Amino acid sequence: MRAGDSATAEELQRFLNEDVAASKNPGHVWLVDALPMGAGGKIFEQEVSAPTG
């Protein structure tokens, strides 16, 4: 998605189910405002976790 675009988690899941191979399709989709990133612009994957609540 590009800046200014919007979609719900359900819309993204539907797109993935239709257009992405089942082996590469994530089981869950969560929308977040931002991801933890380092100075080099890479995502800190070890700090990403499923939302609680």
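Restricting the search to the range 6-53, which residues are in a loop (DSSP other than H, G, I, E, B) and either in contact with a strand residue (DSSP E or B) (Cβ under 8 Å, 6 or more places away or on another chain) or aromatic (Phe, Trp, Tyr) (or both)?
Trp30, Leu35, Pro36, Phe44
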Matching residues, the range 30-53, being farther than 25 Å from Glu10 by Cβ and either in contact (Cβ under 8 Å) with a residue 60 or more places away in the chain or hydrophobic (A, V, I, L, M, F, W, C) (or both): Met37, Ala39, Phe44
- request: Provide a single number: the residues in the range 21-41 that are surrounded by 10 or more Cβ atoms within 10 Å (Cβ to Cβ), under 22 Å from Ala3 (Cα atoms) and out of contact with any Asp or Glu (no Cβ under 8 Å at 6 or more places or on another chain).
  value: 5
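Each value in this text was obtained by applying a stated rule to the coordinates, not by laboratory testing. Everything numeric in this text was worked out from a predicted model, so none of it was measured. For neighbour counting, all protein chains shown are included, and Cβ atoms are generated from backbone atoms with ideal geometry for every residue, glycine included.
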